[in-house]
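Let me begin by presenting the structure, written as structure tokens, before commenting on it.
The values are calculated or read from the model by the stated rules, or taken from the named source; none is laboratory data. On a predicted model such as this, the values are computed, not experimentally measured, just so you know. Cβ coordinates were reconstructed from backbone atoms using ideal geometry, including for glycine residues, and neighbour counts include every protein chain displayed. These accessible areas exclude ligands, DNA and RNA; they are computed on the full protein's heavy atoms, side chains included. Shrake-Rupley method; radii C 1.70, N 1.55, O 1.52, S 1.80 Å.
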Amino acid sequence: MATDETILNHLKKEIPVDEESLLLNHDSSVGLVIVDVVNGFCTVGSGNMAPTKPNEQISKMVEESARLAREFCDRKWPVFAFLDSHLPDVPEIPYPPHCIIGTQEAELVPALQWLESESCVTLRRKDCIDGFVGSMEKEGSNVFVDWVKEKQIKSIVVVGICTDICVFDFVATVLSARNHSVLPPLEDVIVYSRGCATFDLPLHVAKDIKGAQAHPQELMHHVGLYMAKGRGAKVVSEVSFDP
């Protein structure tokens, strides 16, 4: 019987994701988008959707998100951070209650809490999977669209969780909006693979949870990157900065 690692290696061979390196300089006209790096998804024991034990992929994502955020803020480059936040009586099917407004679950992880006091950072609480949709205001404006236009952003670097869910949905919608001239002057959507992560729910665990679907972490992370690239995103494995 093939092992999980063998299956993953076969998948990566059949649907590879060619990753580039990204060097940013003062002429890049770039913004950083951080998706849902909150306790409810990243901090052990912080709710129904949080890891139950330390997780290497999630820890690396938090570390890289914090590194990029610091680099951007030191340069006074624009940062847009989504925080998943839900009302307690409004379910998000098929997921269990998570990131309830007013709880620690809906707050940035400790490594990113300093963003709240940075002048170049825009924070946006969202109550849905897709951050682009979650940026819509009742009168019809869109906070993310306004941010791109106001800052004259030509490229965004996207990091966060989950690679195949909130990150992918946001990326796919942004790419469609770009293609239909909704987001000038945006040109490139760049997904940083080591700055993204997803959750792990192996089959042997999922089958004992009513209504749950198996969600093997490494596999779904790869699928998320593959789908993002298929929509037109650039996928990079390294982000560095020109001093």
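Worth a mention:
- Contact map, the stretch 69-96: first residue modelled with pLDDT under 95, second residue basic (Lys, Arg) and open to solvent by less than 80 Å² (accessible area, probe 1.4 Å), Cβ cut-off under 8 Å, separation 6 or more or different chains; the map is empty.
- Looking only at the stretch 1-24, and only at residues there that are exposed (fewer than 11 other Cβ atoms within 10 Å of the Cβ) and more than 19 Å from Ala233 (Cα to Cα), the one that is modelled with the highest pLDDT: Glu14
- Lys53 free of Cβ contacts under 8 Å to residues at least 60 places away in the same chain, exposed (fewer than 15 other Cβ atoms within 10 Å of the Cβ) and either touching a Ser or Thr at 6+ places or on another chain (Cβ under 9 Å) or farther than 14 Å from His98 by Cβ (or both): yes
One line per residue, one yes/no per condition, for (1) under 19 Å from the mean Cα position of the chain (by Cα); (2) farther than 19 Å from Cys196 by Cα; (3) charged (D, E, K, R):
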| position | (1), (2), (3) |
| --- | --- |
| Lys12 | no, no, yes |
| Val17 | yes, no, no |
| Leu23 | no, no, no |
| Gly31 | yes, no, no |
| Asn39 | yes, no, no |
| Thr43 | yes, no, no |
| Gly47 | yes, yes, no |
| Thr52 | no, no, no |
| Glu56 | yes, no, yes |
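- Gly40 satisfies every condition listed in (1) in contact (Cβ under 8 Å) with a residue 60 or more places away in the chain; (2) open to solvent by 30 Å² or more (accessible area, probe 1.4 Å); (3) over 24 Å from Leu186 (Cβ atoms) except (2).
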